[in-house]
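First the structure, in the form of structure tokens, and then the observations on it.
The values are calculated or read from the model by the stated rules, or taken from the named source; none is laboratory data. Owing to the predicted nature of the structure, the values given are computational and were not obtained by experimental measurement. Cβ coordinates were reconstructed from backbone atoms using ideal geometry, including for glycine residues, and neighbour counts include every protein chain displayed.
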Amino acid sequence: MRIIELKNLTKKYSNKIAVDNINISVEEGEFYGFIGPNAAGKSTTINSMLNFIFPTAGSIKIFGFDSIKDTKKIKELVGYVPSEVFYDDNMTVRGVLKFTLSYFKHINENEIEKYAKIFNVDLNKKMGELSLGTKKKVAVIQAIITKPKLLILDEPTNGLDPIVQNKLFEILTELNKEGVTIFMSSHALDEVQKYCTKVAVIREGKIIKEASISELLPHNSKAITIKCLNSLETIKLLTSKSISNMQIIDDSNLSFIYAGDINMLLKTINEIEITDINITNINLEDIFESFYTDNEEVK
């Protein structure tokens, strides 16, 4: 079942296009990563999905429901963590969470105690007494205690210390195993690589890549940087189909991703006059940088 379907979604503000004709589909049970730099259009997309803002063009369906006409039905099925959280300073943590559950009659209030203990949150404190990190933990608890079928997380680890981040992903992984679909925007590419099954990369409001993690990071792929006398002459010798994302750094440096037999590559490199080489296992950051580099890309 398709849980999220965006078709030609566009959002304009005056003369600025924040989201430009994007198409995304998320299947039931996926842990979907949505990555891009600041102002790329991630939060605008999420706010459109949740009907916090109206799209200029295109359509959004969540669980097959129209995001505008059926927004009440959608919100009954979705848990949401915003990138920045704001609360009434005079409400207690318990009050905030009980208020949330008041809209979900089928949920036992024991869920509040359970997750407050897991995240070490004092339910009796007022929101105005809490640090930004603790407020973010409350937002996470709010999203989880309603037992949603879809979690939409906008930079969920912002403000959380590493121990809490680990706890969060333990819970998210368990929920995902139980069938909860997760859509997460994040700057933490190591987390996206570790937990997501599929990812979309957005740049200046456009989706420039959508693929599974296994497609983006082929098995045994290597990120390679070569320092040589002449990068353009070196490129002529590197003709393997296993080479991708070739980037000229400068006249004497180039980098690329290699997904073939490393011995074959080393034989080729042996014919090149190089002064240095660096070979590392590929990660999502290598791929991400190749999408955003301003340097010349060699096709």
Output the residues belonging to region 54-70 that are part of a strand (DSSP E or B) and either out of contact with any helix residue (DSSP H, G or I) (no Cβ under 6 Å at 6 or more places or on another chain) or in contact (Cβ under 8 Å) with a residue 12 or more places away in the chain (or both).
-> Ala57, Gly58, Ser59, Ile60, Lys61, Ile62, Asp66
Where in region 165-244 are there strands (runs of 3 or more DSSP E), lying fully within it, with 3 or more residues that are at pLDDT 85 or above and charged (D, E, K, R)?
-> 206-212
Kindly indicate whether any position in region 147-158 is in contact with a Pro (Cβ under 6 Å, 6 or more places away or on another chain), under 26 Å from Ser67 (Cα atoms) and either not acidic (Asp, Glu) or not in a loop (DSSP other than H, G, I, E, B) (or both).
-> yes
Could you list, in sequence order, the residues of region 18-52 that are among the hydrophobic types (A, V, I, L, M, F, W, C) and touching a strand residue (DSSP E or B) at 6+ places or on another chain (Cβ under 7 Å)?
-> Ala18, Val19, Ile22, Ile24, Val26, Phe31, Phe34, Ile35, Ala40, Ile46, Met49, Leu50
Return yes or no: is Ile274 modelled with pLDDT of 75 or more, among the aliphatic types (A, V, I, L, M), out of contact with any helix residue (DSSP H, G or I) (no Cβ under 7 Å at 6 or more places or on another chain) and within 30 Å of Asn38 (Cα to Cα)?
-> no
Flagged pairs (Cβ under 6 angstrom, 6 or more apart or on separate chains; first in region 270-299, in the same structural domain as Ala40 (by TED's automatic domain parsing) and among the hydrophobic types (A, V, I, L, M, F, W, C); second modelled with pLDDT under 80 and surrounded by fewer than 15 Cβ atoms within 10 Å (Cβ to Cβ)) are none
